[in-house]
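Step one of this worksheet: look at the structure below.
The values are calculated or read from the model by the stated rules, or taken from the named source; none is laboratory data. Just so we're clear, the structure is a prediction, and the values are computed from it rather than from any experiment. Note: ideal-geometry Cβ built from the backbone for every residue, glycine included; neighbour counts use all protein chains shown.
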Amino acid sequence: MPESTALVKGTLDMLILRALRWEPTHGAGVAEWMRLVTNGTLRVEEGTLYPALRRLEARGMIESEWGASERHRKARYYQLTPKGREWFWTELDKWERYVDTMNRVLRYGTAGSIRGR
């Protein structure tokens with residue numbers, strides 16, 4: 001069983017918006033997408049996911065409507081708004097610069113991996 005990985009503050013919003021990039025998806029689908037693309041490393045609990053979805057909707061980043069799930073149950077489907085799409089790409093650029101900077105700092109003066117040193 002993989003270790004639980006805590007999300008860096010602010011990354012959950014980015015992950016949700018990325019999950020919704022292609023098509024409207026219900027909350028359970030967003031959580032399943034995260035689990036699948038991370039090989040089970042990231043598991044977002046309902047108590048974390050649904051407040052984040054409501055917060056993103058209140059900020060105009062996503063919108064929702066009711067529909068039927070794959071199991072023919074009533075489910076709320078979320079989709080990106082133009083504002084959410086723009087915010088995602090802006091934040092992704094910032095995130096990539098941050099990761100690059102952290103990699104340079106953490107690997108400074110080493111010839112590869114710093115593990116075991």
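Between a first residue in the range 16-36 that is in contact (Cβ under 8 Å) with a residue 12 or more places away in the chain and closer than 15 Å to ALA68 by Cβ and a second residue that is in a helix (DSSP H, G or I) and hydroxyl-bearing (Ser, Thr, Tyr), which pairs have beta carbons less than 6 Å apart while being 6 or more apart in sequence or on different chains?
GLY27/TYR50
Could you list, in sequence order, the residues of the range 78-89 that are of a type outside the set (A, V, I, L, M, F, W, C), assigned to a helix (DSSP H, G or I) and surrounded by 10 or more Cβ atoms within 10 Å (Cβ to Cβ)? It would help to see each step written out before you state the result.
Keep residues of the range 78-89 that are of a type outside the set (A, V, I, L, M, F, W, C), which gives 78-79, 81-86.
Still in the list and also assigned to a helix (DSSP H, G or I): 82-86.
Answer for the range 78-89, where residues must be of a type outside the set (A, V, I, L, M, F, W, C), assigned to a helix (DSSP H, G or I) and surrounded by 10 or more Cβ atoms within 10 Å (Cβ to Cβ): LYS83, GLY84, ARG85, GLU86.
Go through the range 37-53 residue by residue and tally those that are in a loop (DSSP other than H, G, I, E, B) and of a type in the set (Gly, Ala, Ser). Outline the logic, then answer.
First pass over the range 37-53, keeping only residues in a loop (DSSP other than H, G, I, E, B): 38-45.
From what's left, of a type in the set (Gly, Ala, Ser): 40.
Result for the range 37-53: 1.
Which pairs have Cβ atoms under 7 Å, sit 6 or more apart or on different chains, and link a residue in the range 49-70 that is under 17 Å from LEU12 (Cβ atoms) to one that is in a strand (DSSP E or B) and acidic (Asp, Glu)?
Partner pairs satisfying both residue conditions: GLU57/GLU63.
What are the residues in the range 55-73 that are exposed (fewer than 14 other Cβ atoms within 10 Å of the Cβ), modelled with pLDDT of 90 or more and either part of a helix (DSSP H, G or I) or not small (Gly, Ala, Ser) (or both), if any?
The initial filter retains those residues of the range 55-73 that are exposed (fewer than 14 other Cβ atoms within 10 Å of the Cβ), namely 58-60, 65-73.
Filter once more, so that each one left must be modelled with pLDDT of 90 or more: 58-60, 65-66.
Those that are exposed (fewer than 14 other Cβ atoms within 10 Å of the Cβ), modelled with pLDDT of 90 or more and either part of a helix (DSSP H, G or I) or not small (Gly, Ala, Ser) (or both): ALA58, ARG59, GLU65, TRP66.
Which pairs have Cβ atoms under 9 Å, sit 6 or more apart or on different chains, and link a residue in the range 75-88 that is closer than 9 Å to GLU63 by Cα and touching a residue at least 24 places away in the same chain (Cβ under 8 Å) to one that is aromatic (Phe, Trp, Tyr) and part of a helix (DSSP H, G or I)?
Within 9 Å, the pairs are LEU80/PHE88.
Give me the residue from the range 23-48 that is within 16 Å of ASP13 (Cβ to Cβ) and in contact with a strand residue (DSSP E or B) (Cβ under 8 Å, 6 or more places away or on another chain) and, out of that set, surrounded by the most Cβ atoms within 10 Å (Cβ to Cβ).
VAL30
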